[in-house]
1. When only residues in the range 155-210 that are outside any helix (DSSP H, G or I) and near the ligand (Cβ under 10 Å from one of its atoms) count, which is surrounded by the fewest Cβ atoms within 10 Å (Cβ to Cβ)?
2. Test residue 43 against the stated conditions and say whether it is under 15 Å from residue 260 (Cα atoms), open to solvent by less than 60 Å² (accessible area, probe 1.4 Å) and assigned by TED's automatic domain parsing to the domain that holds residue 265.
3. Residues in the range 256-264: is at least one closer than 22 Å to residue 79 by Cα, of a type in the set (A, V, I, L, M) and crowded, with 23+ Cβ neighbours inside 10 Å?
4. Would you mind stating whether residue 228 is modelled with pLDDT of 95 or more, open to solvent by 10 Å² or more (accessible area, probe 1.4 Å) and within 13 Å of the ligand (Cβ to nearest atom)?
5. Only residues that are away from the ligand (no atom under 13 Å from the Cβ), assigned to a loop (DSSP other than H, G, I, E, B) and modelled with pLDDT of 70 or more: list them for the range 89-102, please.
6. State all residues of the range 249-267 that are under 23 Å from residue 157 (Cβ atoms) and in contact with a strand residue (DSSP E or B) (Cβ under 6 Å, 6 or more places away or on another chain); if no residue qualifies, say none.
7. Pick from the range 130-154 the residues that are assigned to a loop (DSSP other than H, G, I, E, B) and touching a residue at least 12 places away in the same chain (Cβ under 8 Å): which of them is surrounded by the fewest Cβ atoms within 10 Å (Cβ to Cβ)?
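The values are calculated or read from the model by the stated rules, or taken from the named source; none is laboratory data. Model, not experiment: these values are computed from the prediction. All Cβ positions, even for glycine, are placed from backbone atoms using ideal geometry, and neighbour counts span all protein chains on display. To get the accessible areas, we keep the full protein, side chains included, count just its heavy atoms, and leave off ligands, DNA and RNA. Shrake-Rupley method; radii C 1.70, N 1.55, O 1.52, S 1.80 Å.
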Amino acid sequence: MARNELIEKTLTDAMNYARTFLHTGKVATYIPELAKGYPDKLGACVITTDGEIYSAGDWHQEFTIQSISKTLTLIMALQTAGYDRVFSKVGVEPTGDAFNSLVRLETKNTHPLNPMINAGAIATADCCMNSKDPFGDFLALTRKLCRRNTIHLDEAVFQSEKKAGMRNRSMAYLMQGDNILEHDAEDVVDLYFWMCSLSVNVEDLANYALILANNGVDPRTGETLLEDWIVRIVKTLMVTCGMYDASGEFAMKVGIPAKSGVGGGIMGTVERKMGLAAFNPALDPKGNSVGAYRVLEYLSHYLGLHYFSGSSYTVS
Ligand code: DON
């Protein structure tokens with residue numbers, strides 16, 4: 001299959017455009033180990049449904065998956081505990097609050113509003129604990145969807161999260177008290193921190209995003225890796241809640257189902273066309289990567305990827 005020159009050129013231009021914004025962001029410091037990230041690292045990867053891979057910049061650089069793991073946790077929870085059980089514990093509505101906010105657990109209702117915020121992901125991690133080997137199964141799922149068998153834990157970030165994770169512990173204890181969690185709060189946050197601390201690169205995430213774009217089937221092998229009802233739920237929540245309290249703005253300006261993490265990654269999925277991911281550890285005040293956001297914004301604009309753009313762009 002021929003390489004698409006338009007994608008190649010647009011990706012190069014997107015990187016140059018994004019670089020001009022990096023100085024406006026700051027690396028996350030609330031998890032001390034993340035403060036070691038270099039704010040000028042920038043990488044991106046696009047994988048199209050015809051199997052072509054377009055990589056740019058620091059595409060090989062590893063970083064922790066952080067909240068992008070919330071999509072995988074939701075998948076594993078749905079596979080392990082089923083739809084009814086999962087959505088009896090967590091809702092599907094955007095919050096408009098910061099990702100680590102506790103406020104709705106007290107004022108709105110005791111259930112977290114969606115699985116893409118910390119409280120919601122802790123509730124879905126609790127569902128994953130019904131598996132015999134939650135850590136091993138989560139790692140296997142991540143490796144399978146990212147297509148790389150060497151994905152591993154970043155032990156230093158994991159330990160750092162454990163030390164600094166008081167807000168997450170508070171949420172877990174509140175939810176254990178309200179019988180939303182079925183397992184001990186400490187055990188559940190341990191799993192949650194562990195899930196956030198897997199080390200990935202943008203090619204891994206673009207591979208995973210490609211499977212989502214192709215409704216659970218790997219277009220390169222024809223193998224079904226995820227059931228389509230699960231993929232539909234995950235992509236819907238990426239649209240409405242994937243970019244924290246900037247999800248509305250991102251939907252309007254970029255229009256790609258996406259999930260970001262404070263490690264600096266953003267993963268996006270373009271229906272039947274491509275999986276993409278970008279990375280830059282400099283974050284904006286809402287916790288989204290400045291550089292990765294700009295890469296996706298540029299690609300969306302110049303390749304016509306917005307879900308309402310009526311794009312003229314086609315793969316090969
Ligand atoms: O719990 C935390 O704060 C991090 N492990 C994940 C934060 C993140 O990426 C943003 N979350 N929605």
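1. 165
2. Here the answer is yes, as residue 43 does meet what is asked.
3. Yes, some residue in the range 256-264 is closer than 22 Å to residue 79 by Cα, of a type in the set (A, V, I, L, M) and crowded, with 23+ Cβ neighbours inside 10 Å.
4. No; evaluated as a whole, the condition is false for this residue.
5. The answer is 90, 91, 92, 93.
6. If the condition is that a residue be under 23 Å from residue 157 (Cβ atoms) and in contact with a strand residue (DSSP E or B) (Cβ under 6 Å, 6 or more places away or on another chain), then 258, 259, 260, 263, 264, 265, 266, 267 are the ones that fit.
7. 130
Every residue, every condition in (1) within 16 Å of the ligand (Cβ to nearest atom); (2) in contact with a strand residue (DSSP E or B) (Cβ under 6 Å, 6 or more places away or on another chain); (3) among the acidic types (Asp, Glu); (4) assigned to a loop (DSSP other than H, G, I, E, B), yes or no:
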| residue | (1), (2), (3), (4) |
| --- | --- |
| 233 | no, no, no, no |
| 238 | yes, yes, no, no |
| 247 | yes, no, no, no |
| 277 | yes, yes, no, no |
| 287 | yes, no, no, yes |
| 306 | no, no, no, yes |
